[in-house]
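Below is one structure, written out as structure tokens, with a few remarks after it.
The values are calculated or read from the model by the stated rules, or taken from the named source; none is laboratory data. All figures in this text were calculated on a predicted structure; none of them were measured in a lab. Cβ: placed from backbone, ideal geometry, glycine included. Neighbour counts: every protein chain shown. The accessibility values were calculated without ligands, DNA or RNA, using every heavy atom of the protein model including side chains. Shrake-Rupley method; radii C 1.70, N 1.55, O 1.52, S 1.80 Å.
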Amino acid sequence: MKRLEWQAMSAEIAGSRAVTPFTETGDLPAGVHAVSIRELVAQLAVGTPQRKAVATRLERVQELATATGAVDRFFVFGSFVTAKPEPNDVDVFLLMNDSFDLGTVTGEARLLFDHAAAQAYFGASVFWLRRLSAFPSEQEAVAGSRAKERDAASSN
Amino acid sequence: MIANDQELKVTLERIARFQAQVAHLRNTESNPANYHAAASGFLAEIDRMQLEVREYLSLHPQEVSTTT
């Protein structure tokens, strides 16, 4: 599995990490690559207007998700984290802490947690779980959700 | 779109994995609102993959090779 992650609640720790270079096939090397959102956008929102647009969506999703105060792990996968010049959307997997209650989330942030609404409103394919519900493990739950694209990159 | 039997196998395995995840979620998520929202992504993806499988299986191998 190839995926990319940053720990949303510990951006300082991952803050200096750079995005791992792509392989010759345009993918990230297999495994999870911890990076900061700043580095991710700086290095991947380049080349085409579509890439910049998708990066803007990702930043908005990350901002709203983080504002809930309940995101333990934030994974990005799919075509945005490959060398594909025209990614369709951004794919995100959120592992929320076990006390997360969707009923406490209001406004735009609430839309993030409804898959169809997030797709329509943010142009993002969002999967999420409380950590206790990840099956058979957090690692495998995230890996199993990775992109529609069979060559997609994503997490740790 | 599924192009060959290997991709069919991968897609079927992924469907099974997603179904197992939702079944587990159903038993572990005590909050109904959390459950419905969290399951929505997995169920949508299962629907999308099942449609791909159906489309692939609806074609004879000779037709698959001419349409991909």
Search the stretch B:1-10 for residues being more than 9 Å from chain A (Cβ to nearest Cβ) and in a helix (DSSP H, G or I), and hand back the single one that is farthest from residue A:97 (Cα to Cα).
B:5
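Looking only at the stretch A:114-130, decide whether some residue is among the aromatic types (Phe, Trp, Tyr) and touching a Gly at 6+ places or on another chain (Cβ under 9 Å). Even if it seems obvious, please write down each step before you answer.
The first filter runs over the stretch A:114-130 and keeps only residues among the aromatic types (Phe, Trp, Tyr), leaving A:121-122, A:127-128.
Retained after the next criterion (residues that are touching a Gly at 6+ places or on another chain (Cβ under 9 Å)): A:127-128.
Within the stretch A:114-130, one or more residues are among the aromatic types (Phe, Trp, Tyr) and touching a Gly at 6+ places or on another chain (Cβ under 9 Å).
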Look at residue B:14 and say whether it is open to solvent by 70 Å² or more (accessible area, probe 1.4 Å), in a helix (DSSP H, G or I) and facing chain A (nearest Cβ under 9 Å).
no
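To keep it simple, each residue is scored yes or no on (1) at pLDDT below 80; (2) farther than 27 Å from residue A:68 by Cβ; (3) of a type in the set (S, T, N, Q).
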{"residue": "A:13", "(1), (2), (3)": "yes, no, no"}
{"residue": "A:19", "(1), (2), (3)": "yes, no, no"}
{"residue": "A:22", "(1), (2), (3)": "yes, yes, no"}
{"residue": "A:29", "(1), (2), (3)": "yes, yes, no"}
{"residue": "A:34", "(1), (2), (3)": "no, no, no"}
{"residue": "A:37", "(1), (2), (3)": "no, no, no"}
{"residue": "A:43", "(1), (2), (3)": "no, no, yes"}
{"residue": "A:46", "(1), (2), (3)": "no, yes, no"}
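Every residue, every condition in (1) touching a helix residue (DSSP H, G or I) at 6+ places or on another chain (Cβ under 6 Å); (2) within 9 Å of another protein chain (Cβ to nearest Cβ); (3) surrounded by fewer than 18 Cβ atoms within 10 Å (Cβ to Cβ), yes or no:
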position: B:25; (1), (2), (3): yes, yes, no
position: B:29; (1), (2), (3): yes, yes, no
position: B:33; (1), (2), (3): yes, yes, yes
position: B:37; (1), (2), (3): yes, yes, no
position: B:44; (1), (2), (3): yes, yes, yes
position: B:50; (1), (2), (3): no, no, yes
position: B:58; (1), (2), (3): no, no, yes
position: B:65; (1), (2), (3): no, no, yes
Taking the residues in the stretch A:118-130 that are more than 9 Å from every other protein chain (Cβ to nearest Cβ) and assigned to a helix (DSSP H, G or I) as candidates, determine which candidate is surrounded by the fewest Cβ atoms within 10 Å (Cβ to Cβ).
A:120
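Might you check whether a residue that is farther than 27 Å from residue B:30 by Cβ, at pLDDT 85 or above, open to solvent by less than 40 Å² (accessible area, probe 1.4 Å) and not acidic (Asp, Glu) occurs anywhere in the stretch A:131-146? If you could, list the steps in order and put the result at the bottom.
At the first step, the residues of the stretch A:131-146 found to be farther than 27 Å from residue B:30 by Cβ are A:146.
Then drop every residue that is not at pLDDT 85 or above, which leaves none.
No: the stretch A:131-146 contains no residue that is farther than 27 Å from residue B:30 by Cβ, at pLDDT 85 or above, open to solvent by less than 40 Å² (accessible area, probe 1.4 Å) and not acidic (Asp, Glu).
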Tell me yes or no: at least one residue of the stretch A:35-56 is under 28 Å from residue A:133 (Cα atoms), assigned to a strand (DSSP E or B) and not aromatic (Phe, Trp, Tyr).
no
Which members of the stretch A:66-99 meet the condition of being in contact with a helix residue (DSSP H, G or I) (Cβ under 8 Å, 6 or more places away or on another chain), open to solvent by 10 Å² or more (accessible area, probe 1.4 Å) and hydrophobic (A, V, I, L, M, F, W, C)?
A:67
Restricting attention to the stretch B:1-36, which residues are aliphatic (A, V, I, L, M) and touching a strand residue (DSSP E or B) at 6+ places or on another chain (Cβ under 8 Å)?
B:25
